[in-house]
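One structure is given here, and the rest of the page talks about it.
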Amino acid sequence: MTKNTLEQPMTPDRLNEHLRKTLSRGRVAESRPAGCPELSLYLFDPSVLEGPLSHDEAQAVVAEPAYWSFCWASGQVLARWILQNPESVAGKTVLDFGSGSGIVAVAAAKAGACEAIACDIDSAALDAAAANARLNGVEVTLCDDWNRRPEGVEVITAADVLYDPENRPLLAEFRAAAPSVLLADSRVRDLGDDCYVLQSVTEARTWPDLNEFEEFNRVRIYQV
């Protein structure tokens, strides 16, 4: 299913409601990720974590992490690469797979995509993408099912979707789904698919910073 972000404007309050399902003190705040300061996003506000989490809070956060409330390193790097190379998406229909906060879809829209689609199975992530698109003065289309995506997609974008080895078949699936693929990854050193050509390697950190292993802060961008 797809829908336009103009149909149901999202607000920070709606995102706070999502966060508080797992963290009672949770809230978002507007910030600019260090790896892509050109864009503003509603992301988790770390100032709420004054004092330790209760046992119940910690269990809830681990059981249902709000991935969309953090901007992961690969998403930042890919979004900035698109803004610096707008010809990669300008005038094209772009689908961002596993969109999370929506930063890559928002970047594609800012770079001149004729349509930017944020695709994610998490309804909260789609709400975040809608809110962040509105925050940056652009419009994105929301898609909750990759298998029911709109026809005519010309560019697939994806950031950090290969963390699970079972996701490796996505590499071939992406190539079959669109003429062009832009992939950012910080988890896998060798994709095992020569069709993906390395474009750049950039250092970045999750925002807000989760103090991940340094090896996860090296983001590689590939293009088909």
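Rounded to the nearest 500, the helix-only mean residue ellipticity at 222 nm of the chain stands at -7500 deg cm²/dmol, with each DSSP H run of n ≥ 4 adding -39,500 (n - 2.57).
Unpaired Cys in the chain, meaning no second Cys C-beta under 4.7 Å: C36, C71, C114, C195. Each Lys and Arg adds +1 at its Cβ and each Asp and Glu adds -1 at its Cβ; summed about the Cα centre, the chain shows a dipole of about 380 debye.
Assuming charge only on the beta carbon of Lys and Arg (+1) and of Asp and Glu (-1), the dipole of the range 132-194 about its Cα centre is about 140 debye to the nearest 20. By the Kirkwood approach, averaging reciprocal distances over each pair of separate Cα atoms, the range 82-139 gets a hydrodynamic radius of 10.9 Å.
Could you work out the relative contact order of the range 118-224, using alpha carbon pairs under 8 angstrom and six or more residues apart, expressed as a whole percent?
Relative contact order for the range 118-224 comes out at 22 percent.
Taking a sphere under 10 Å around the Cβ of R189 and counting the other residues whose Cβ falls inside, with K and R at +1 and D and E at -1, yields a net charge of 0. Rounded to whole Å, give me the distance from the Cα center of the range 183-224 to that of the range 96-155. The two parts, judged by their Cα centres, are 21 Å apart.
Distance from a point 7 Å along Cα→Cβ of R218 to each backbone N in the range 176-201: keep the residues under 12 Å and list them by number. Only 186-190, 201 fall inside the zone, counting backbone N under 12 Å. A simple count of charges around G98, restricted to other residues whose Cβ falls under 10 Å of its Cβ and scoring Lys, Arg +1 and Asp, Glu -1, yields -4. Can you tell me which of R80, R148, R187 moves the most in a GNM of the chain? Springs connect C-alpha atoms under 10 Å apart. With Cα springs under 10 Å in the chain, the top fluctuation among R80, R148, R187 is at R148.
When you count the other C-beta atoms within 10 angstrom of each residue and take the mean per peptide, 91-104, 118-131, 12-25 line up highest first as 91-104, 118-131, 12-25.
A cut-off of 5 Å between modelled amide H atoms, ignoring neighbours fewer than 5 places along the same chain, links V140 with T5. On the chain, 49 percent of the accessible area sits on carbon and sulfur atoms, based on a 1.4 Å probe.
Note on the range 115-218: along the principal axes its Cα atoms extend 34, 33, 24 Å, ordered by decreasing extent.
Here, the chain has an Rg and a Dmax of 16.6, 50 Å when only alpha carbons are counted.
The values are calculated or read from the model by the stated rules, or taken from the named source; none is laboratory data. Worth saying up front: this structure is predicted, and the values here are computed from it rather than measured. Note: ideal-geometry Cβ built from the backbone for every residue, glycine included; neighbour counts use all protein chains shown. Remember, those area values only see protein heavy atoms, side chains included, never the ligands or the DNA or RNA. Shrake-Rupley method; radii C 1.70, N 1.55, O 1.52, S 1.80 Å.
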